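What follows is a short report on a single structure.
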């Protein structure tokens, strides 16, 4: 069945024909009759958080599934028709397929959702429009770099599960984020790979005349045509903007080539496409958002376009519509690192916006003042975060501590307020439990907590039942997951050594790398200096003694990338690679190259300890450790980001659900802070972590350790998940005053009606 949405595009009236999926229909025609619904499942990323569905695709052909990067559309296009014919008459396979189809159809058709009960004022006719520069849904759609994108992807999944009317806007990068390989010297080399959009779970949006829907965006003095691809994420639609069209200038075709690549001119052009182009695309599709949610400052130019549209609609001035614009826009900031906030020089703004501010009825000075921290300074750069703070009715950090840091960072914009009164609150991040919980653990929760445990993840009482899980059962499943992690690490490292041309002996030696019976630490994130990926190496002799021990051994698996321009980050990786080669520990330290969501899942599901040791307070939230909790892993972390709220102690100050590294010395002396934190980490390993892990009963079960695993699941599962996070956004930001169903909350949002009023008039 099809329906029509009216739209305006390039000043011409079009009708968009929306099908279940034209691409799915085409794929369906190539499949045997009994398998046709596989096409519908393949074109909706709902499959990536339903474990049985993933295995349903893998069963088609495990080799092709691996070769195509876990892409179900490519799998069904590439697999032989003979194999499909076999499956079409396999009663076991068809039973599983039909059960999943029934579950999928029921999910998509559901009307009585959490959001419909709690916040009916958020309507499908005026949904939340969620803007972000990257989205991490699954490794088969590589348009993410790390935490921000994966958080955005989890946001969409929970919005779908809870029934929050939401559409998302991002960019479709032809080559995504860079791929990583390490040479024989351990130096990171960067390269890119083209994504085959036509064989991916996405579809080019077309009008009734089968023409791509596109909008025009001014980039300097050129008109750039932007087309739109749609990705279905359960009940949520994600629209990705793409400039790779033959009718664009070759330079402009590459505006959506790379994520976080290029120079300042590329960055500002990308953000114009995302923000201004994103608003125009929504209008073209007939979507009138009730709320615009900017997830980080990259999309802040959308505020200008929302204002300009309102000015043109009403005939009023910018200052007349400013309050109405502010009332519809909300902002989340994700970084306490000043360099992480995009700023553009006045000259660059002149070059890109000289034709734009007259359309808003503003002078140059008035326009630039919207993004100026200090008014009246002609050399003051234009800040995207500043623009967002001025034109959004709420602003929030992503943990309680990050909220405090953000208020300190941006107090300059509110000179009449004390730091505590700066109108920036917080909503602590979470993770999508169904995505990150291993099937082995999910099955265990279904047995002992509730068959529909994930649908009840917001109920604190659910998690009390974790105590009912037999210790031996939880430990056995955890050990299986650790074995799978080690198998994955060996496979990836063998591949890397082979590609580097290392000898057969070096490749064969990988079979001895890592041991599932040894305490295993995981460390995976962007290798930025402030994250201190080499903190363990600060005292090399002490580190070698710990990792080389024969009595209570410990091993660690590293993974992650350094930004191509971050030379110090690359040097940290190189130092780790050199450390790996030391004879005493060569089988106990591993680095898995080319970190992606697949490796991330293996790590968070299989490690015993998740290590997080940034310089405090530079980790806004950090969500990788939250993923570990859903799988019974334990955090050993600096008290930064979310761990300040998650860490619990007994009456004697001992950790109940993990460990806290070091202390905040309130010093700018980085050497001193590194010494304090590294000494603390070594001591924790020697005196608490290793003794607890190796205190095992006659069956090999460390009862004290498993008790702490259960506590980690109980205390963090209900609190640090995106269902709770979305509930906070809905009831505190999207629809404040909504009926709250006695939910846990990790949020505080200042109530203000005069944010930035009058301060941008120049």
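What follows is calculated from the coordinates using simple rules that are stated; it is not laboratory data. As the structure is a prediction and not an experimental result, all values here were calculated from the model. With ideal geometry, Cβ positions are generated from the backbone for all residues, glycine too; neighbour counts draw on all protein chains shown.
Some notes on this structure:
- Listed peptides 459-465, 229-235 appear in the order 229-235, 459-465 once ranked by packing, highest mean of other Cβ atoms within 10 Å at the front.
- Among beta bridges that DSSP assigns inside the chain, antiparallel share in %, nearest 5: 45
- √(5λ) per eigenvalue of the Cα gyration tensor, the range 147-267, largest first, Å: 26, 23, 14
- Were the residues from residue 107 through residue 30 laid out at 0.36 nm apart, the gain over their Cα-Cα distance would be 25.2 nm.
- Calculated FRET efficiency for the pair residue 584/residue 697, C-beta based, R₀ 35 Å, to 0.05: 0.70
- Where both bridge residues fall in the range 214-346, DSSP classifies roughly 75% of the beta bridges as antiparallel.
- For the pair residue 671 and residue 81, label points projected 7 Å from Cα toward Cβ lie 7.3 nm apart.
- Cα shape, the range 265-385, gyration tensor, a/c 1.5 rule: oblate
- Figure legend: label point modelled 7 angstrom from the Cα of residue 263 along Cα→Cβ; residues of the range 331-356 with amide N under 20 Å from it are 342-354.
- Stokes-Einstein diffusion coefficient of the range 406-538, Kirkwood radius over Cα pairs, 37 °C, 0.692 mPa s, in µm²/s: 165
- Share, in percent, of DSSP beta bridges within the range 602-681 that are antiparallel, nearest 5: 10
- Mean-position separation - Cα centroids, the range 267-297 and the range 184-199, in angstrom: 29
- P(r) weight above 21 Å for the range 160-229, C-alpha pairs, percent: 55
- Cβ-Cβ FRET estimate between residue 245 and residue 664, R0 fixed at 56 Å, reported to 0.05: 0.65
- Difference of contour (0.36 nm per residue) and Cα-Cα distance, residue 198 to residue 421: 75.2 nm
- Of 179, 313, the sequence from fewest to most neighbouring Cβ atoms within 10 angstrom is 313, 179.
- Dividing the summed helix terms, -39500 (n - 2.57) for each DSSP H run of n ≥ 4, by the number of residues in the chain produces a 222 nm estimate of -11000 deg cm²/dmol to the nearest 500.
- Cα gyration tensor shape of the range 674-738, rounded if a/c is under 1.5, else prolate or oblate by comparing a/b with b/c: oblate
- Three-way shape label, the range 343-450, alpha-carbon gyration tensor, a/c 1.5: prolate
- Between residue 502 and residue 345, full extension at 0.36 nm per residue minus the direct alpha carbon distance yields a gain of 51.8 nm.
- Placing dummy labels 7 Å off each Cα toward the beta-carbon, the span from residue 541 to residue 324 is 7.3 nm.
- Put a dot 7 Å past the Cα of residue 187, heading toward its Cβ, do the same for residue 683, and the two dots end up 4.0 nm apart.
- A value for Rg/Rh (Cα atoms, Kirkwood Rh) was derived from the coordinates, and within the list (i) 1.28; (ii) 0.95; (iii) 1.00 it appears as (ii).
- Between the range 30-101 and the range 322-398, the Cα center-to-center distance that results, in Å: 47
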